[in-house]
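Take a look at the structure set out below.
The values are calculated or read from the model by the stated rules, or taken from the named source; none is laboratory data. All values derive from a computational prediction rather than experimental measurement. Cβ sites come from the backbone with ideal geometry, for glycine too, and all protein chains shown count toward neighbours.
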Amino acid sequence: VKTTRLDEYRSPAYRVDEVRLDVDIHDGVTTVSSELVLQRHADAAGVSSMTFNGEGLSLRSLALDGVVLNEASYRYEAGLLTVDGLPERCTLSSVVDIEPEKNTALEGLYLSKGMYCTQCEAEGFRHITFFPDRPDVLSRFTTTVRADRARFPLLLSNGNPVASGEDGERHWVTWEDPFPKPCYLFALVAGDLACLEDTFNTMSGREVALRLYAEHRDLDKLDHAMESLKQAMRWDEQTYGREYDLDIYMIVAVSHFNMGAMENKGLNIFNTSCVLAHPATTTDAGFQRVESVVAHEYFHNWSGNRVTCRDWFQLSLKEGFTVFRDQEFSADMNSAAVKRVEDVDFLVNHQFPEDQGPMAHPVRPSEYQKIDNFYTLTIYEKGAEIVRMQYHLLGAEGFRKATDLYFERFDGQAVTCDDFVACMEEVSGLDLSKFKRWYSQAGTPVLSVTATQDEHGYSLNFRQQTPPTPGQAEKLPVVIPVRIALLDRDGEPVILDEQGRREVVLIVDQQEQGFVFPGVSGVTPSLLRGFSAPVVLQHDYQDGQLEHLLAHDSDGYCRWAASRELYFAALDRLVKGEGGTANVAQAAEQEANQLAAVLDQVIARAGEDAAQAALLLALPSEVALGDRHVPLDPGRVHVAHRSLRRALGHALQSQWLELSESLLATELQMDGVAMGRRQLRNLALEYLAAGDHPEAERIAVELFELPLCMSEELGALRTLVHYQLPGAAQALAQFEKRWKDEALVMDQWFSVQASAGGTDQVERVRGLLQHPAFDWATPNRVRSVVGAFAGSNPAAFHAEDGSGYRLFAEMLAKVDALNPQIAARIANAAARLPRLKAELQGKLRAELESVKKGASANLSEVLGRVLS
Ligand code: B3K
Ligand code: ZN
């Protein structure tokens, strides 16, 4: 497999100014005719040959300026078409046949439930026609789509429809996109779909038609996406001064999709899971996801489409920035404090482990084999944190000036992360050269803090260290903005400097650095407020300090972080403790009694913000606990985790019961407050069940029988199944009967079962694969079983006898044969291999090695890294 390297970047010899495509769809074969208007770059004088990517195309004819080329003037081999003897300006025409019906990898043109659709990012366009498939070639596209009129009444592509016609039983539509774009933003849809239509008036007074398309049966599930889209459009005008540029904005929902959604110019294509929403079928988390993904793809219109990436090493230029934008949008639409904690929770539980294992790579990687494998949490989420730090370094106003400059200067261009940072520097006068190490160094920096008190005052002493990662043994210090406050005995932040500030940002950019606060004493440090940098913070808190932070800190992140520290301290002791299961249970009871007082205070204040209380009261996940222990013994971790959950359920049982009852809603509301109350209630119910409360089953069954919405229904089902309450089997059967025709709901049904923890669950998961509704060719369904099993069911996955690994290997091979991108993604679950205790490591290694033998390039890159 070929490795692509950043330092080998060369600009292309020819531009492609115009692309005229004709896509003629017939059963079994689609014929794609293309005309590329080529123009040699001024600095490529003397060059007269050019290569075009093309994968699996069956070439029918090739012509240059209307003259058919004979086989001596071109070569098509190994995915590359090379044409020699090109003049400075010319038109290259080709006709190729492709077979979308056979495309199970879901990149390029493929068929999903009778609808033709495309996915071109990163390198899918080469499966459709010959093209320099790289993001720095920007072209104006005109696309004609032809198909059977009755079966495909709807023919879509990017831009505006400019002509259409009928031709017997067939018809055609021509679309023209006035904005030059890289081919990864090309899209096409042919299908029979329902449409929800609305309009948006832009800040300059233009009217934009908004059209959301889905299967006819799903027309009633598009309202939330439409509302979210309009809010996102308004928000981007107000927050970034960015206006939408075409006359039409379309979103099409498809059932088979490799990821969440795709920002194709004017024609977004969405996984149904990220666009359809209805209270009866979609959880509250699902509603929030739709809101954020719709916004994310919309925001790409500027951060990604108008200004795009020079090469795929710069992926985070558009992804990190756009994630930051969508996070801030959701924060503004909902509770900012809760949103921040949710985002940090996600980052530390998923990106940190990636950054600390064999898959670690910089936010701007320097090499890859398959770029699909680099659509990672590091590129997206850590990338967003790096943009967020720049936002805080410049302040809201400075940041806005810098993004204005960025959008204006680079409009219509393909640029780099350096170009982005240069705008930040230019506007602020800051020197960010050292800051840029965040882009090039992999690994999560560990920041250790010690506090000392003497006659000069209170001091905080920092020491930073970024651990080695694959290919990067030595690390330099990074620039870490540490936002802090010091809380007095009443929990009030004290004055820290002459300006009277009670919160300051300390810039830690040396390996060791100290800061003194004269005249300050008797305080509790509130560190890294708002999670001001993506680092692991280590601090030896004194007795009672964490409880003090949890009770008083005005910073939502710090309260939450304090709660994690308290839970982890207790859980770690249980994991390390000697003795068998009986002793763990006893020790867990003591730990729970210790925690009960402070948790009781959180519960007492739950009325202020139920969503925040739910975040503070939820135990860290079993996987997160496991990540703290090397060598990892997942069985031990499972017992410790389950024991503390049960003990907390028991120690606070009257509180959980009271919450379960008092938070019961009588009518459906979908606002943030109502969602927070449901989240807390579901958590209380789980604790009640965990603590074996005799009322748990009754409450769960009642909720399950008459739910107001899917969050209630699924919360009840999860409790019944995960705590093996007597009503579980019946509820599962009933749920299946109710929802067998709703694919997204059935995904939840599969996922609840695949994530039901327990070392004895491997056979049950295997059973799910035999269910008639299980389908290897549908990524959502695969993720709901294979993803849930490998990612959220550590006890079964790491079963002592290796049966979980065997099942995992079988699954990987099966998925890989159809869809290498999905297989490679799922394989990341094995990245904890080097941390496992020796017996398990050997078993997992053997299974992975055998899968690697026949693996696709995508899967083999991931397995290669894991096994190295
Ligand atoms: N840009 C797409 C991701 C494409 C993934 C290709 N393997 C979705 C997004 O980030 O908005
Ligand atoms: Zn994106």
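Identify, by number, the condition in (1) in contact (Cβ under 8 Å) with a residue 60 or more places away in the chain; (2) not in a helix (DSSP H, G or I) that Leu619 doesn't meet.
The single condition Leu619 does not satisfy is (1).
Looking only at residues that are under 27 Å from the mean Cα position of the chain (by Cα) and surrounded by fewer than 17 Cβ atoms within 10 Å (Cβ to Cβ) in the stretch 408-425, which one is farthest from Tyr9 (Cα to Cα)?
Top of the filtered list is Asp411.
Could you say which residue among Val252, Val290, Val323, Val294 is within 16 Å of ligand 1 (Cβ to nearest atom), in the same structural domain as Cys423 (by TED's automatic domain parsing), of a type outside the set (S, T, N, Q) and modelled with pLDDT of 95 or more?
The unique qualifying residue is Val323.
Residues in the stretch 426-440: is at least one buried (at least 22 other Cβ atoms within 10 Å of the Cβ) and under 23 Å from Ala261 (Cβ atoms)?
Taking every residue of the stretch 426-440 in turn, none turns out to be buried (at least 22 other Cβ atoms within 10 Å of the Cβ) and under 23 Å from Ala261 (Cβ atoms).
For a quick check of your reading of the model, give me the residue pairs whose first member lies in the stretch 447-470 and is in the same structural domain as Gln356 (by TED's automatic domain parsing) and farther than 28 Å from Met359 by Cα, whose second is at pLDDT below 95 and among the β-branched types (Val, Ile, Thr), with beta-carbon atoms closer than 7 Å and at least 6 apart or on different chains.
none
Given the stretch 314-372, what helices (runs of 4 or more DSSP H) lie entirely inside it while holding 3 or more residues that are under 25 Å from Ser228 (Cβ atoms)?
In the stretch 314-372, the matching helices (runs of 4 or more DSSP H) lie at 315-333, 336-346.
Results for (1) buried (at least 18 other Cβ atoms within 10 Å of the Cβ); (2) of a type in the set (Gly, Ala, Ser); (3) within 16 Å of His127 (Cβ to Cβ), shown as yes or no for each residue.
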| site | (1), (2), (3) |
| --- | --- |
| Lys2 | no, no, no |
| Ala13 | yes, yes, no |
| Asp17 | no, no, no |
| Val37 | no, no, no |
| Asp43 | no, no, no |
| Gly46 | no, yes, no |
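Before we move on, is Asn268 part of a strand (DSSP E or B), in contact (Cβ under 8 Å) with a residue 12 or more places away in the chain and within 16 Å of ligand 1 (Cβ to nearest atom)?
yes
So which of Leu92, Leu81 ends up being touching a Gly at 6+ places or on another chain (Cβ under 7 Å), under 23 Å from Ala13 (Cα atoms), assigned by TED's automatic domain parsing to the domain that holds Ser48 and not small (Gly, Ala, Ser)?
Leu81
Given the criterion over 17 Å from Val16 (Cα atoms), crowded, with 17+ Cβ neighbours inside 10 Å and within 16 Å of ligand 2 (Cβ to nearest atom), identify the matching residue among Glu121, Glu107, Glu55.
Residue meeting the stated conditions: Glu121.
Does Gly46 fit the bill of being assigned to a loop (DSSP other than H, G, I, E, B) and free of Cβ contacts under 8 Å to residues at least 12 places away in the same chain?
yes
Go through the stretch 764-818 and give me each residue that's within 18 Å of Leu844 (Cα to Cα), among the aliphatic types (A, V, I, L, M) and touching a residue at least 60 places away in the same chain (Cβ under 8 Å).
Ala795
If only one of Ala209, Ala225, Ala253 is surrounded by 21 or more Cβ atoms within 10 Å (Cβ to Cβ) and farther than 21 Å from Met333 by Cα, which one is it?
Answer to the selection: Ala253.
Mind listing whichever residues of the stretch 335-370 are surrounded by fewer than 20 Cβ atoms within 10 Å (Cβ to Cβ) and either within 16 Å of ligand 2 (Cβ to nearest atom) or modelled with pLDDT under 95 (or both)?
If the condition is that a residue be surrounded by fewer than 20 Cβ atoms within 10 Å (Cβ to Cβ) and either within 16 Å of ligand 2 (Cβ to nearest atom) or modelled with pLDDT under 95 (or both), then Phe346 is the only one that fits.
Go over the candidates Phe374, Phe352 one by one and state the one that is within 16 Å of ligand 1 (Cβ to nearest atom) and in contact with a strand residue (DSSP E or B) (Cβ under 8 Å, 6 or more places away or on another chain).
Phe374
Among the numbered criteria (1) within 29 Å of Cys709 (Cβ to Cβ); (2) within 26 Å of the chain's Cα centre (by Cα); (3) part of a helix (DSSP H, G or I), which single criterion is violated by Glu736?
(2)
Check off (1) surrounded by 13 or more Cβ atoms within 10 Å (Cβ to Cβ); (2) within 30 Å of Ala150 (Cα to Cα) for Asp27 and give me the number that stays unchecked.
Asp27 satisfies every listed condition except (1).
Which of the residues belonging to the stretch 439-476 are out of contact with any Leu (no Cβ under 9 Å at 6 or more places or on another chain), within 30 Å of Pro365 (Cβ to Cβ) and of a type outside the set (Gly, Ala, Ser)?
Those that are out of contact with any Leu (no Cβ under 9 Å at 6 or more places or on another chain), within 30 Å of Pro365 (Cβ to Cβ) and of a type outside the set (Gly, Ala, Ser): Tyr439, Thr444, Pro445, Pro467, Pro468, Thr469, Pro470, Gln472, Glu474, Lys475, Leu476.
Out of Thr282, Thr239, Thr308, report the one residue that is out of contact with any Phe, Trp or Tyr (no Cβ under 7 Å at 6 or more places or on another chain) and part of a loop (DSSP other than H, G, I, E, B).
Criteria check complete, one pass: Thr282.
Can you say whether Ala473 is surrounded by fewer than 17 Cβ atoms within 10 Å (Cβ to Cβ), of a type in the set (A, V, I, L, M), modelled with pLDDT of 95 or more and closer than 24 Å to Tyr368 by Cα, as far as the supplied structure shows?
Judged against the criteria, Ala473 is a match.
Only one of (1) in contact (Cβ under 8 Å) with a residue 60 or more places away in the chain; (2) closer than 26 Å to Gln413 by Cβ is not met by Cys90, so which one is it?
(1)
If we only count strands (runs of 3 or more DSSP E) wholly inside the stretch 75-166, which ones have 2 or more residues that are within 16 Å of ligand 1 (Cβ to nearest atom)?
In the stretch 75-166, the matching strands (runs of 3 or more DSSP E) lie at 108-112, 115-119.
Across the stretch 256-269, what is the number of residues that are more than 12 Å from ligand 2 (Cβ to nearest atom) and within 18 Å of the chain's Cα centre (by Cα)?
4
Checking Trp656 against (1) free of Cβ contacts under 8 Å to residues at least 40 places away in the same chain; (2) within 19 Å of Leu703 (Cβ to Cβ); (3) part of a loop (DSSP other than H, G, I, E, B): exactly one of these is not met. Which one?
The failed condition is (3).
Looking at the structure I just gave you, is Lys814 more than 17 Å from Glu622 (Cα to Cα) and basic (Lys, Arg)?
Yes; evaluated as a whole, the condition is true for this residue.
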